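What follows is one structure encoded as structure tokens, with my remarks underneath.
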Amino acid sequence: MIVTVALLRAALTSLAAYNWRDPLPVMVSSPVNVWARPLASAIRFGHFKTIKSDDHVGPVGRLTRNPSDGPLVAALTVAEPDRDPTAEDIAKAITDVQLANNLFCAELLDPNLPVVIPTDRNEYELYSPLDPVMNDCRYDPDGEQHHGVWGHDDGPTAHVLWPIPPRRAATPPTPIRPVDWLARLHQTETWTDWHGYTHRLRDMEIYANCMARAWLEINAAVITKGVIRHILGHPDTAIDADPGRLTPLQEADIAVTDPHGWIAETPLVQALADVYAN
């Protein structure tokens, strides 16, 4: 799934809300190696024109002002892409909190804008669609293998955004299918993602956890409509509920009034939050 502005911003906001450590610098990685570069605060808008490249494993393109070249996108930029970053660069890099705040402007323009990030540059400024995969790594500028190796115990910790692999670039976001959302949202052991895959909550890393909560928050209104359709299609279940649990009609009434507030209080979202509460 190619991440949207709204989804990335919501996930970063969820990460920052834990307050279990200081805000972390955000880095981006090239699809051809593990070197990463600090993310600058600039967000550019343009039309993504795909270009052929034998040097990249993922699809790349460049921004243009011509609407016929491709879809409108929000592109993040990297600082000094033509040289290896230093610890000082990381110290100056935008943090997860700052990036979430900056993405607010892009979300106002269009929350569904695809987000792309630069890859290595040659004579053109190249970009690669972004996968919603965030990792937590330590950056060691004096690594034994090469400048910028990841995974060492020394060096500052940073969020790393990984570009999308080719197999995912061709896979559009999966539409929300008809589902019994009342049953789905009362699950407290598993999360079924937008592609239909089920994950145990306790096995999910914090980044996947936040992405799941962000997706539910962003799609709260659509999910609420799904709840209403399910009740209309199954009227015999509209007033039945387990003891101590709201009836479907009661839940629907709350959901219609405040979809985001209702989603946040569902057992599934509460269980997702509780995994990393301590």
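The values are calculated or read from the model by the stated rules, or taken from the named source; none is laboratory data. All figures in this text were calculated on a predicted structure; none of them were measured in a lab. Counting neighbours? That spans all protein chains shown, and the Cβs are built from the backbone with ideal geometry, glycine included. Please note that ligands, DNA and RNA were not included when accessible areas were found on the heavy atoms of the full protein model with its side chains. Shrake-Rupley method; radii C 1.70, N 1.55, O 1.52, S 1.80 Å.
Here is how the numbers come out for the structure above:
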read-out: Test: residue in the stretch 61-81 that is within 28 Å of PRO156 (Cα to Cα) and at pLDDT below 75; value: yes
read-out: The stretch 188-215, subset touching a residue at least 24 places away in the same chain (Cβ under 8 Å) and over 22 Å from ASN135 (Cβ atoms), residue surrounded by the most Cβ atoms within 10 Å (Cβ to Cβ); value: THR188
read-out: Those helices (runs of 4 or more DSSP H) lying entirely in the stretch 186-278 with at least 2 residues modelled with pLDDT of 90 or more and under 23 Å from PRO111 (Cα atoms); value: 206-218, 220-233, 259-265
read-out: Every residue from the stretch 37-60 that is open to solvent by less than 60 Å² (accessible area, probe 1.4 Å) and at pLDDT below 75; value: HIS56, GLY58
read-out: Any hit, the stretch 106-121, residues being farther than 16 Å from ILE2 by Cβ, at pLDDT below 80 and not acidic (Asp, Glu); value: yes
